[in-house]
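A.B. asks: First the structure, which I've put down as structure tokens, then a few questions once you've had a look.
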Amino acid sequence: PKPFRASASATDEQATAEFLIGEIIRRREDLTAGYEAWFELGCALANTFGEAGREYFHQVSQFHEKYNANDCDR
């Protein structure tokens, strides 16, 4: 899995998200069951964190068996 890197100047919202993403990575959890859930997760991360949400999205998407970085970016 991709390593998790916490932001040096994280807001409370970012700190919470980064803690949770760290747990997802530690547990190697796939939260992306189904395209709709995966898409909604990506939209929520983009809406909340803007471009920074892209890396979060990759980090939580990486455990799906069909994870593809290029598809994830699109």
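The values are calculated or read from the model by the stated rules, or taken from the named source; none is laboratory data. Every value quoted in this text rests on a predicted model; they were computed, and no experiment measured them. Cβ coordinates were reconstructed from backbone atoms using ideal geometry, including for glycine residues, and neighbour counts include every protein chain displayed. Note: accessible area is taken over every heavy atom of the protein model, side chains too, but ligands, DNA and RNA are not part of it. Shrake-Rupley method; radii C 1.70, N 1.55, O 1.52, S 1.80 Å.
A.B. asks: Could you check how many residues of the range 35-59 are open to solvent by 90 Å² or more (accessible area, probe 1.4 Å) and in contact with an Asp or Glu (Cβ under 9 Å, 6 or more places away or on another chain)?
C.D. replies: Residues that pass the stated criteria total 1.
A.B. asks: In addition: Restrict the check to the range 67-74 and report whether at least one residue is out of contact with any Gly (no Cβ under 7 Å at 6 or more places or on another chain), part of a helix (DSSP H, G or I), acidic (D, E) and at pLDDT below 90.
C.D. replies: yes
A.B. asks: Of the conditions (1) part of a helix (DSSP H, G or I); (2) crowded, with 16+ Cβ neighbours inside 10 Å, T32 satisfies every one except a single condition; which number is it?
C.D. replies: Only one criterion in (1) part of a helix (DSSP H, G or I); (2) crowded, with 16+ Cβ neighbours inside 10 Å is unmet by T32, namely (1).
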